[in-house]
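The values are calculated or read from the model by the stated rules, or taken from the named source; none is laboratory data. For clarity, every value in this text was computed on a predicted model and none was experimentally measured. To get the accessible areas, we keep the full protein, side chains included, count just its heavy atoms, and leave off ligands, DNA and RNA. Shrake-Rupley method; radii C 1.70, N 1.55, O 1.52, S 1.80 Å.
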Amino acid sequence: MKSIMLIDDSATMLMSLRQTLEMSGFKVETASDGAQALDKLKTIPKPDLIITDINMPNMNGIEFIRHARQLLRFTPILTLTTESQQSRREEAKKLGATGWLVKPVGGQDLIRIIRQVLPNV
């Protein structure tokens, strides 16, 4: 079973995404900001994929990607955000983000994208 870490400061968004992913057969770990996610990454098995919001308190998604790439070189990291600024996209990509999704993303679309990023799912 493939595992996905979701990082978002919206409890509603985490609940909705978790439900969609678990119904599609993924194991899901959640965090409410980048700092909490980094702490969890030190104690849980490495996820197969990380999906992070950009605008969060404590540690935003851009900072999270910068730190996560030191721990996880090859794990795909998708951003899922309302942020659509090209400069933020380029910054995230430069730091190691695999892809950029703009909210809202439907459940079927999200699963399709995950299957493109994670082979053999």
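Does the chain come out rounded, prolate or oblate, given a ≥ b ≥ c as the square roots of the eigenvalues of its C-alpha gyration tensor, rounded meaning a/c under 1.5 and, failing that, prolate meaning a/b above b/c? Rounded, because the longest to shortest axis ratio a/c is under 1.5. Subtracting the Cα-Cα distance of Gln86 and Met1 from 0.36 nm times their residue separation leaves 27.2 nm of extension gain. Average accessible surface for the chain: 54 Å² per residue, computed with a 1.4 Å probe over protein heavy atoms with every protein chain in place. The phi-based Karplus calculation (6.51 cos²θ - 1.76 cosθ + 1.60; θ = phi - 60°) puts the 3J(HN,Hα) values of segment 22-32 at 5, 5, 9, x, 9, 8, 10, 10, 10, 8, 9 Hz, whole numbers, x for Gly and Pro.
The slack in the chain from Gln19 to Lys94, taken as 0.36 nm per residue of separation less the alpha-carbon distance, amounts to 23.9 nm. Computed from backbone phi, the HN-Hα couplings of segment 109-115 come to 5, 4, 5, 4, 5, 4, 5 Hz, rounded to whole numbers (Karplus: 6.51 cos²θ - 1.76 cosθ + 1.60, θ = phi - 60°; Gly and Pro given as x).
Between the alpha-carbon centres of segment 67-121 and segment 8-53 there is a gap of 13 Å. Please state the shape class of segment 38-96: rounded when a/c is under 1.5, otherwise prolate if a/b exceeds b/c and oblate if not, all from the C-alpha gyration tensor. Here segment 38-96 falls in the prolate category.
Between Gln116 and Leu71, residue separation times 0.36 nm minus the direct Cα-Cα distance comes to 13.9 nm. Surface composition of segment 10-89: carbon and sulfur atoms hold 50% of the protein heavy-atom accessible area at a 1.4 Å probe.
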